[in-house]
Structures are given as structure tokens and as C-alpha cells.
Amino acid sequence: MNTRDREDTLTLELLEEIGRRSDVSQRHLARRLGVALGLANSYLRCCVRKGYVKIQQAPANRYLYYLTPIGFAEKARLTGRYLQVSFDFYRRAAASCDAAFDACAAPGEGRVLLGGVSELAEIASLRAAERGWMIVGTYDSRAERERFLGRPVWREPAGIGTHDVRLLTNLADPAGCRERLGALRPAAPLLIPDILPVAGIPPSGD
């Protein structure tokens, strides 16, 4: 996701959240957007400045936020763009995962360990299923959930299920996750979809 896509996505999420409830706090917005409080405040002020959001003071030093007609129009525009970008990402990610699977020449593949909870991992699981390969789970040191795609999520190497290949699917920190996957023992082929910025860099130890 490039800078513009991320900014549009965060703005859309902010407008959607304000559209759902006018008494939302900036701290709640920060949690919903997954960003620091200061950054959430910056996006909110930007939306107010552009006329997307109107602020009304409420009792007890609280504030209510409302979408303006311009804000509703911008939310609709960003929703349309998000769907377009999402479809394009799915198409490119699916082709990238297929190419990574095709490049794995070692015999006997069938059990795949995903490296990172993400939209890319969801797409990879679908492409793997079409080949009859099984996702054993996901290794993600920063994951908050215990299960993903109906399979376990491991935050530590201990206990990771037996697998034949590893597929890097971390969108937030692909380089760091690549190193962690490459350090797992026993070794297994590490596949890197070329949609990721670390594509083309062989895993350490190979």
C-alpha cells in the first residue's frame, strides 16, 4: 500500500467511524485506525479543515463530530476508490502468490506456514487451497489473535506445526518477518511473493 492509499484508507475509516457515532473520542478513533493518538488527531483536524467534519461542543467538555454534506460525498468517493484499489490488490496479490508457489521446485510440498496475519495471507490461503495445499497456521510475533483462517497463530517459534514451505505474507514488516521465518529450525523453503518490497532477496541462510 503506497502513502496515498494509506492516507485515503485512514481518512475513510475516520469518516465511517464518525458517521456511525457522533460522540466518538479521539482515543477511540486512534484505536479504530490503529495509529497513535497524535496522528488520529492530525487526520481529524485535516478533515475539519477540509470541511468534511463539523465539531459541536457538548456538556462536560466533550465534543460531538458530524459529517457535513461534503464529508458524505468524500466518504462515498473514498469508498469507491477503496473498492477499486482492493480489487486491483487482490488480482496482483493472487498472481504473485501463484508465481511464488510455482517457483517452489522441491518435492512433497503440501503444508504451508504463513508468515504474517494480513489480507495477503487470506489471498494466499485461497490460492494454496486451489492446489490442494494445506495452511497449517500463521507465524506472526505481533499478532493479537490466537487463530486466523481457522488455524493457530504462533507468536513464538515454539510449537509451530510441521510444514513443508513458508510463505511470507507480512505487509507491515515484511523484511523483519522474513528474517524471523528464515531463522526457524528445521529449515524449510521460504517463498516470497514479488508483490512484497523484499521480493528477490534470498532468505538468510539459503
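A few points about this structure:
- Principal-axis analysis of the Cα atoms of the chain puts helix 37-49 at an angle of about 50° to the longest axis.
- Of Y43, Y63, Y52, the one that fluctuates the most in a GNM where the chain has Cα springs shorter than 10 Å: Y63
- Solvent-accessible area per residue, Å², over the range 43-146 with all protein chains present [probe radius 1.4 Å]: 58 Å²
- Cα-derived Rg over Rh, computed across the chain with Rh taken as Kirkwood radius: 1.08
- Dipole check for the range 26-131: with +1 at the C-beta of Lys and Arg, -1 at the C-beta of Asp and Glu, and the Cα centre as origin, the magnitude is about 880 Debye.
- Relative to one another, the C-alpha centroids of the range 1-75 and the range 144-180 are positioned 33 Å apart.
- Once you divide the Cα radius of gyration of the range 4-77 by 2.2 N^0.38 Å, the number left is 1.01.
- When the helices of the chain are scored as -39500 (n - 2.57) per DSSP H run of n ≥ 4 and the total is divided over every residue, the value at 222 nm lands at -15000 deg cm²/dmol.
- Surface composition of the range 37-77: carbon plus sulfur atoms hold 58% of the accessible area, using a 1.4 angstrom probe and ignoring ligands, DNA and RNA.
- In degrees, nearest ten, helix 3-20 long axis to first principal axis of the chain (Cα): 50 degrees
- Helix 69-102 vs. the chain, principal-axis angle (Cα, 0 to 90°, nearest 10): 0 degrees
- Sorting 13-26, 145-158 by average packing, meaning the other beta carbons within 10 Å per residue, from highest down gives 13-26, 145-158.
The values are calculated or read from the model by the stated rules, or taken from the named source; none is laboratory data. What you see is a predicted model, and the numbers here were worked out from it, not measured in a lab. Methodologically, a virtual Cβ is constructed for each residue, glycine included, from the backbone with ideal geometry; neighbour enumeration extends over all protein chains shown. Side chains are part of the model used for accessible areas, which takes the heavy atoms of the whole protein and leaves out ligands, DNA and RNA. Shrake-Rupley method; radii C 1.70, N 1.55, O 1.52, S 1.80 Å.
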